[in-house]
Amino acid sequence: DTAVSQTPKYLVTQMGNDKSIKCEQNLGHDTMYWYKQDSKKFLKIMFSYNNKELIINETVPNRFSPKSPDKAHLNLHINSLELGDSAVYFCASSPYSGTNTGELFFGEGSRLTVL
Amino acid sequence: GQSLEQPSEVTAVEGAIVQINCTYQTSGFYGLSWYQQHDGGAPTFLSYNALDGLEETGRFSSFLSRSDSYGYLLLQELQMKDSASYFCAVSGGSYIPTFGRGTSLIVHP
């Protein structure tokens, strides 16, 4: 069983479209995250979310929005896609927001290509 | 805010020992983590240091000096499969790990 799963794995779309990436974790963790990894492999936090609080990286454009229907799911919705949004998006989870092990469990990533 | 510095690339030969350094700046500190990522794969957790000193896990060890805002990952008995990117990540005041830009480790035969 995959602990953190993301769909789709690959996504190719046109500029201006709206798309979503889904993430599910079966680890019973309280906190989930979205990271963006660019072509230079820089991993940048976008959002952190638990059942109490959403923390947004202030540099993330408001075209990006996280949606969490329940504790096990954190989806990423992107409006009006731009070329610069092309990247690999990683979902991750940890046991609780005050994690004391520093360990994040990552999904396999979703490679988004905007044409 | 938080920032981390680590070398962009390190090369070594099989069987050797290599050290990847990481310096950080953060307001509030809970710990320093290390992750490995192979090309096309997901980052996987290697180690975490919350207190000063050395943590050993098999061939990999990680060190932290909070007073120097410095840590390193030590890889011993290098194998070809260790060729990957290695990231340090600092957990600061918000607990959310902030990652460095990664070090590409190339292991030669």
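Only residues that are part of a loop (DSSP other than H, G, I, E, B) and either touching a helix residue (DSSP H, G or I) at 6+ places or on another chain (Cβ under 9 Å) or over 18 Å from residue A:90 (Cα atoms) (or both) were counted in the stretch B:96-109, giving 1.
Within the stretch B:35-42, can one find any residue that is closer than 16 Å to residue A:45 by Cβ and not aliphatic (A, V, I, L, M)? Even if it seems obvious, please write down each step before you answer.
We begin by selecting, within the stretch B:35-42, every residue closer than 16 Å to residue A:45 by Cβ; these are B:35, B:37, B:42.
Cutting the leftovers down to not aliphatic (A, V, I, L, M) gives us B:35, B:37.
Yes, because at least one residue in the stretch B:35-42 is closer than 16 Å to residue A:45 by Cβ and not aliphatic (A, V, I, L, M).
Within the stretch B:66-108, the residues that satisfy the criterion of being more than 8 Å from chain A (Cβ to nearest Cβ), of a type in the set (A, V, I, L, M, F, W, C) and farther than 12 Å from residue B:37 by Cα are B:73, B:74, B:75, B:78, B:80, B:90, B:106, B:107.
Taken together, the residues in the stretch B:26-43 that are facing chain A (nearest Cβ under 7 Å) and part of a strand (DSSP E or B) amount to 2.
Among the residues making up the stretch B:55-69, those that are out of contact with any strand residue (DSSP E or B) (no Cβ under 7 Å at 6 or more places or on another chain) and not hydroxyl-bearing (Ser, Thr, Tyr) are B:56, B:58, B:66, B:68. For beta carbons closer than 9 Å, sequence separation of 6+ or different chains, a first residue in the stretch B:96-109 that is at positive phi and a second that is outside any strand (DSSP E or B) and surrounded by 21 or more Cβ atoms within 10 Å (Cβ to Cβ), the qualifying pairs are B:102/B:6.
Counting only strands (runs of 3 or more DSSP E) that sit completely within the stretch A:6-65, those holding 3 or more residues that are within 13 Å of chain B (Cβ to nearest Cβ) and in contact (Cβ under 8 Å) with a residue 24 or more places away in the chain correspond to A:31-37, A:43-49. With respect to being surrounded by 13 or more Cβ atoms within 10 Å (Cβ to Cβ) and under 20 Å from residue B:87 (Cβ atoms), residue A:19 falls outside the description.
Here residue A:90 fulfils each of the conditions (1) of a type outside the set (Gly, Ala, Ser); (2) under 30 Å from residue B:7 (Cβ atoms); (3) within 12 Å of another protein chain (Cβ to nearest Cβ); (4) surrounded by fewer than 17 Cβ atoms within 10 Å (Cβ to Cβ) apart from (4).
Every number in this text was worked out from the coordinates using simple rules, so none of it is lab data. These numbers come from a predicted model, not from an experiment. Ideal geometry is used to build each Cβ from the backbone, glycine not excepted, and the neighbour counts take in all protein chains shown.
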